[in-house]
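The structure appears right after this line, and notes come after that.
Where a number appears in this text, it was derived from the coordinates with a stated rule and is not lab data. Being a predicted model, the structure only gives us computed values, none of them experimental. Please note: Cβ atoms are built from the backbone with ideal geometry, for glycine as well, and neighbour counts cover all protein chains shown.
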Amino acid sequence: MSQTSPASSAANMPALFRSPLVARLGVILVFILIWEFGARLYDDPDFLATATQTAASLIPLIQDPKVLSALGYMIVALISGFSMALLSGGILGMLIGVNKLSYRTFFPIIVLIYAIPQVTLLPLFVLTFGIGTAVKIVYGFTHGFFPIIVCVIAGTQNINPVLMTAARSMGASRGQIFRRIVFPFVIPSLFTGMRLGMSATLIGVILAELYASQGGIGYYTRHFSDSFEPQNLFALVILIAAAAIVLNEILRKAETHFSRWRQ
């Protein structure tokens, strides 16, 4: 009796069903169906909205100028905080990682500070920067800085020390060493830190808007939750998720572009 291996069974499937895009769409469809029927079974519109109710609320929410303005301010704060985190975390990470003394001195301190739950420090940020855009940017920056610098420092530890010694022996300057050796080796770890840092910065900005702002997406999130409007709350979450996906896709494209030499 002949048996068909899993590999041959997969090969015999139509090309359409072997497409990753179709698989992703299938997972999304299953999630939407579970959400729709689960919400209908729960049957409490004050706490859980169905997928169709959320979709119906999405268009009016997008057309609301106040919500669009809040989304724009959130994106500006996110990009500002993330840019600061990328610049400082990337440069400091490479400077600390390539030197053994600085690595042994500063890396344990960075990891120790990173372990502190930053939400407990939010009142200090509010006292220092007040309620407004500044606290969103700075609080988002602190969330994005540590994933980037930790990943960059970890990436510098993969550099072959023979290459560094050979470059110095041939008279390469510090700038040439960083440009030709350190930076190419750090690129994979840098983009890993950027993806983590982007998500963490978004969390920091929204947390600041939740507890230390009278406007922004975080404020509307709290408002819809307190006023028992789950359909608007879920629609707002979808908007935030869409913005995060677009930004993450931009980082993925940039990583592919700058990592072509590895192929």
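Descriptive notes on the structure:
- Euclidean distance between Cα centres, segment 161-202 to segment 88-141, Å: 20 Å
- Label-to-label distance, K253 versus V27, with points set 7 angstrom from Cα along the beta-carbon direction: 2.2 nm.
- As a rough footprinting exposure proxy, the listed residues K136, K100 were ranked by other beta carbons within 10 Å of their own, and the order from fewest upward is K100, K136.
- Each residue, R222 and S83, gets one label point 7 Å from its Cα in the Cβ direction; the gap between the two is 2.7 nm.
- Helix screen, the chain: DSSP H segments with Cα axial length of 27 Å or more and mean Kyte-Doolittle hydropathy at least 0.5 are 20-42, 65-97, 133-156, 183-211, 230-258.
- Residue order, fewest to most beta carbons within 10 Å, for H223, H143: H223, H143
- Three-way shape call for the chain based on the alpha-carbon gyration tensor, with the a/c threshold at 1.5: oblate
- Residue order, fewest to most beta carbons within 10 Å, for L41, L236, L210, L163: L41, L163, L210, L236
- Three-way shape label, segment 60-178, alpha-carbon gyration tensor, a/c 1.5: prolate
- GNM result for the chain, Cα springs below 10 Å: residue of V237, V22, V119 fluctuating most strongly: V22
- Taking S69, S173, S19 in turn, the Gaussian network model of the chain (Cα-Cα springs below 10 Å) assigns the largest fluctuation to S19.
- The stretch between I34 and V162 holds 40.5 nm of extra length on full extension. This uses 0.36 nm per residue minus the Cα-Cα distance.
- Comparing L112, L48, L78 in a Gaussian network model of the chain (Cα springs below 10 Å), the most mobile by mean-square fluctuation is L112.
- Taking a Cβ cut-off of under 13 Å around A212, the surrounding Lys, Arg, Asp and Glu residues balance to a net charge of +1, with basic ones at +1 and acidic ones at -1.
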